[in-house]
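**Student:** This is the structure, below, for whatever I ask next.
The values are calculated or read from the model by the stated rules, or taken from the named source; none is laboratory data. Computed from a predicted structure; not experimentally measured. Every residue, glycine as well, gets a Cβ built from its backbone with ideal geometry; the counts of neighbours run over all protein chains shown. Each accessible area value is taken on the protein alone, full model and side chains, heavy atoms only, with ligands, DNA and RNA left out. Shrake-Rupley method; radii C 1.70, N 1.55, O 1.52, S 1.80 Å.
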Amino acid sequence: MNFDINNLVRENVKSMKPYSSARDEFEDFDTADMIFLDANENPFQNGVNRYPDPQQSNVKLVLAKQRNIKPNQILLGNGSDEVLDLLFRAFCEPKIDNVITLPPTYGMYGVLSNINAIENREVLLSNDFQPQVEKILDAVDENTKILFLCSPNNPTANSFSDESVAYLLKNFKGLVVIDEAYIDFSKKQSWMNELDEYPNLIITQTLSKAYGLAGIRLGICYASAEIITVLNKIKPPYNVNELTQLRALERLSHPDKIKSEITSIIVQREKLLKVLVDVKFVKKIYPTEANFILIKVDDANKRYNELIAKGIVIRNRTTQPLCENTLRLTIGTEVENKKLMEALKV
């Protein structure tokens, strides 16, 4: 595939000189016997008086080893939302370029489009929540820079077909971002294994879902070294704080525990699916490869309020395209799941 990332990068980004922090200029700043008088920091040690590693090298090394990928193919952000915002800022010219999203999907794509003054061309998913490939390609023009694919998708919980994704990767001339926030709950393999095959492929993941670290806000971008270089050029120098890096390293050092929690969530998901079949007001249960289930009910507002009254908060998705009278149920612990199943019996 003939693909040159420089054809997509904004001209001002190409010509800019990135901010160089004190820690960027001295790479071996973990050396114990060095005296650091370069960053105007408070010298009294308390664990967080020094600026964090701007490149999060230790976290990237662990992720690279676990994912069988090179550290220079990884960018870390303050949540996936920062990663997505950097993509807009690096590749989309305000009031000129456009992106394509596939509703119903993750709402931040549209929010970030508005913030960055980028046209968001929405191409609805099919009735079975799959990409309408030809309609997507018909929506493309010379200023279309990015296509966002959320798979498994939020709020629908299903994965997109491999055939559709591969076709889009081959035929879409811009960047294809596959948001894999929920990939750990799916039987499908990550598209990360295809990064060398498709130079326009970008994958975003997160430690917020399967890894149980939503509170530390750590998003991950996997792409070619060339794309990561562009994003590093514009990212804030210390965008991932020291406490986040340390907590991520601690959690990543326990892969067996993470795997056990994922297994537990999937087991509870299957139990809930079996119960939902017999709930009278549930009209349809959509296939799921995530840590949540989308269901169609007789009256979403009514059922939402009933569950609130019983002390259970779910997500009412009825205002989303193709999601009339739908509710999204996140899978909780075994105890929480039992309470939900009891509450559904009306």
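**Student:** Keeping all protein chains in position, work out how much accessible area residue 33 exposes to a 1.4 Å probe, and write it in Å² to the nearest 10.
**Tutor:** Answer for residue 33: close to 130 Å² accessible.
**Student:** Residue 25: accessible area at probe 1.4 Å, nearest 10 Å²?
**Tutor:** 140 Å²
**Student:** Which three lengths, in whole Å and largest first, does the chain cover when its Cα atoms are put on their principal axes?
**Tutor:** Principal-axis extents of the chain (Cα, largest first): 68, 50, 33 Å.
**Student:** Please go through the stretch 72-157 and write out the trypsin sites (Lys or Arg not before Pro) that DSSP classes as loop and that have at most 11 other C-beta atoms within 10 Å.
**Tutor:** 95
**Student:** By a straight-distance test (C-alpha under 18 Å), which aspartates and glutamates pair with residue 235 as possible cross-link partners, with residues fewer than eight away in the same chain excluded?
**Tutor:** Leaving aside aspartates and glutamates fewer than 8 places away in the same chain, those within reach of residue 235 are 11, 24, 25, 27, 53, 81, 82, 85, 93, 226.
**Student:** Want the number for residue 65 to residue 171: 0.36 nm per residue separation, take away the alpha-carbon distance, what's left?
**Tutor:** 35.0 nm
**Student:** In addition: Excluding ligands, DNA and RNA, what is the solvent-accessible area per residue of the chain at a probe of 1.4 Å, expressed in Å²?
**Tutor:** Spelled out: the 1.4 Å probe surface of the chain, per residue, equals 50 Å².
**Student:** With +1 assigned to the C-beta of every Lys and Arg and -1 to the C-beta of every Asp and Glu, and no other charges, what is the dipole magnitude of the stretch 101-246 about the Cα centre in debye, to the nearest 20?
**Tutor:** Magnitude of the dipole: close to 400 debye.
**Student:** Which of the aspartates and glutamates could a cross-linker bridge to residue 95, judged by Cα under 12 Å and excluding same-chain residues fewer than eight apart?
**Tutor:** Cross-link targets: 119.
**Student:** Hey, got the dipole for the stretch 225-346? About the Cα centre, +1 on K and R Cβ, -1 on D and E Cβ, debye to the nearest 20?
**Tutor:** The calculation lands at about 320 debye.
**Student:** How high is the FRET efficiency from residue 264 to residue 163, r the C-beta distance, R0 30 Å, rounded to 0.05?
**Tutor:** 0.40
**Student:** Applying 1/(1 + (r/R0)^6) with R0 = 56 Å to the Cβ-Cβ distance of residue 302 and residue 38, what FRET efficiency is obtained, to the nearest 0.05?
**Tutor:** E(calc), rounded to 0.05, equals 0.35.
**Student:** Let me ask something else about it. What dipole magnitude, in Debye to the nearest 20, does the chain give about its Cα centre under +1 on Lys/Arg Cβ and -1 on Asp/Glu Cβ?
**Tutor:** 1360 debye
**Student:** A further question follows. Kindly report, to the nearest 10 Å², the accessible surface of residue 141 as traced by a 1.4 Å probe over protein heavy atoms only.
**Tutor:** It works out to around 60 Å².
**Student:** Mind listing which GluC sites (Glu not before Pro) in the stretch 95-172 are in a DSSP loop and have 11 or fewer other Cβ atoms within 10 Å?
**Tutor:** Answer by residue number: 142.
**Student:** Moving on. Work out the count of Lys pairs in the stretch 111-220 where the Cα-Cα distance is under 26 Å, with the pair 8 or more places apart or on different chains.
**Tutor:** 11
**Student:** Putting +1 on Lys and Arg Cβ atoms and -1 on Asp and Glu Cβ atoms, find which of 15, 120, 281 reaches farthest to the positive end of the dipole of the chain.
**Tutor:** Of the listed residues, the answer is 281.
**Student:** Tally up the carbon and sulfur contribution to the accessible surface of the stretch 90-188 as a whole percent, 1.4 Å probe, everything protein left in place.
**Tutor:** With neighbouring chains kept in place, the figure for the stretch 90-188 is 49 percent.
**Student:** For residue 2 and residue 313, what is the calculated FRET efficiency with R₀ set at 51 Å and r taken between the beta-carbons, to the nearest 0.05?
**Tutor:** 0.55
**Student:** With a 1.4 Å probe and all protein chains kept in place, how do 137, 276, 61 rank by accessible area, largest first?
**Tutor:** Solvent-accessible surface, decreasing: 61, 137, 276.
**Student:** For the stretch 128-222, list log₁₀ I(q)/I(0) at each q in 0.12, 0.15, 0.19 Å⁻¹, using the Debye formula over Cα point scatterers of equal strength and ignoring solvent, two decimals each.
**Tutor:** Result of the Debye calculation: -0.39, -0.60, -0.93.
**Student:** Using +1 at the Cβ of each Lys and Arg and -1 at the Cβ of each Asp and Glu in the chain, identify which of 337, 152, 106 lies farthest towards the dipole's positive end.
**Tutor:** In the chain, that residue is 337.
**Student:** Roughly speaking, to the nearest percent, how much of the stretch 292-346's 1.4 Å accessible area is carbon and sulfur?
**Tutor:** Carbon with sulfur: 49 percent of the solvent-accessible area.
**Student:** Okay, next question. Show which lysines lie in cross-link reach of residue 280 when reach means a straight Cα distance below 20 angstrom and same-chain residues fewer than eight apart are skipped.
**Tutor:** 271, 296, 302, 310, 338, 339, 345
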